Amino acid sequence: MTYIRETIVTTVDTNGSVHIAPLGIIQQDDNWIIAPFRPSKTLENLAAIPYAVANYTDDMLVFAGCLTGRKEWPTVAVKNCPVPRLESALSHSVLKVVSVKDDGLRPQHLCKVVSEATHAPFTGLNRAKAAILELAILVSRLHMLPPEKIDAEIAFLTIAIEKTAGPDEQQAWSWLMQRVKDHRDAADAKGKDVVHHDHHG
Ligand SMILES: Cc1cc2nc3c(=O)[nH]c(=O)nc-3n(C[C@H](O)[C@H](O)[C@H](O)COP(=O)(O)O)c2cc1C
């Protein structure tokens with residue numbers, strides 16, 4: 001088993017435009033591996049500018065937003081680093097790519113930690129935030145999962161939302177659930193289409 005931190009990774013292109021994406025960074029001794037599936041803007045950016053900031057945040061609006069087309073979040077410049085950090089990061093690590101192992105599908109970027117800083121206190125765990133993280137991962141894999149698995153996971157995660165969410169968590173949850181609904185509606189429409197064709201064919 002390898003330890004993974006669920007982070008918001010910021011990278012930049014050669015023009016300095018920032019890209020924000022939720023990515024799990026994988027621990028390897030004192031280093032961290034960033035492994036984006038192809039195709040990915042993060043991958044392109046790392047090839048051009050081999051630095052990333054791993055932002056440690058419990059702002060679930062950023063995780064849910066990035067997966068639902070809301071990719072613009074405030075960033076702040078980091079001293080001696082070409083890549084800015086997320087404003088809402090409680091802390092961050094500046095990562096420098098030292099080597100790339102490319103398997104064609106999910107190139108592994110081994111990164112060393114250049115610097116780290118803390119910006120705000122960690123204020124404790126929350127079940128709704130954890131449930132949103134799980135739903136975010138589920139939403140990023142909707143196309144690979146059977147409908148029964150999606151429904152069963154959501155039924156379980158909903159308990160934590162109903163018991164422990166604040167307004168931001170309710171908002172993040174509803175952005176992601178809209179994405180689940182769109183996926184279900186598209187699957188239903190496709191199902192009806194098949195029935196229709198069968199009937200006439
Ligand atoms: C918590 C979390 C962890 C994720 N980890 C990864 C990862 O390690 N690799 C990856 O390719 N996508 C991961 N994803 C999905 C990416 O966020 C998503 O595909 C994103 O759009 C990356 O593509 P981009 O660099 O073009 O934005 C993760 C999503 C979530 C919510």
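Things worth noting here:
- Averaging 1/r over every pair of different alpha carbons in the chain and inverting the result gives a Kirkwood radius of 18.4 Å.
- Amide hydrogen neighbours beyond the local backbone of HIS119, cut-off 5 Å, H modeled: SER91
- In order through segment 115-121: 3J(HN,Hα) via Karplus (6.51 cos²θ - 1.76 cosθ + 1.60), integer Hz, x for Gly, Pro: 7, 9, 8, 10, 10, 7, x
- All-pairs Cα distance distribution in segment 20-67, expressed in whole percent, bin size 5 Å: 5, 18, 26, 26, 19, 7, 0
- Average Cα contact separation per residue, segment 127-200, under 8 Å, 6 or more apart, as relative contact order %: 42
- Relative contact order of segment 48-143, defined on C-alpha pairs under 8 angstrom at six or more residues apart (%): 29
- Against the rule of thumb 2.2 N^0.38 Å, how large the Cα Rg of segment 127-200 comes out: 1.30
- Near LEU157, once Lys and Arg are set to +1 and Asp and Glu to -1 for all other residues with Cβ below 12 Å from its Cβ, the sum equals -2.
- Principal axis box of segment 1-109, alpha-carbon based, largest edge first, Å: 33, 33, 28
- Taking the longest Cα principal axis of the chain as reference, the axis of helix 147-164 is set at about 60 degrees.
- Protection proxy ranking of 171-181, 26-36, 119-129, 45-55 - average other beta-carbon atoms within 10 Å, highest first: 45-55, 171-181, 26-36, 119-129
- A simple rule links phi to the HN-Hα coupling: the Karplus curve 6.51 cos²θ - 1.76 cosθ + 1.60 with θ = phi - 60°, which for segment 91-107 gives 7, 8, 10, 8, 10, 10, 6, 10, 7, 10, 10, 9, 9, x, 9, 9, x Hz, with x for Gly and Pro.
- Cα long-axis angle, helix 167-200 against the chain (0 to 90 degrees, to the nearest 10): 40
- If you run the Gaussian network model on the chain, springs between alpha carbon atoms under 10 Å, then out of THR14, THR158, THR75 the most flexible one is THR14.
- Lys, Arg +1 and Asp, Glu -1 on Cβ, resulting dipole of the chain about Cα centre, debye, nearest 20: 300
We did not get these values from a lab; they are worked out from the coordinates using the rules stated. This is a predicted model, so every value here is computed, not measured. Neighbour counts run over all protein chains shown; Cβ positions are idealised from the backbone, glycine included.
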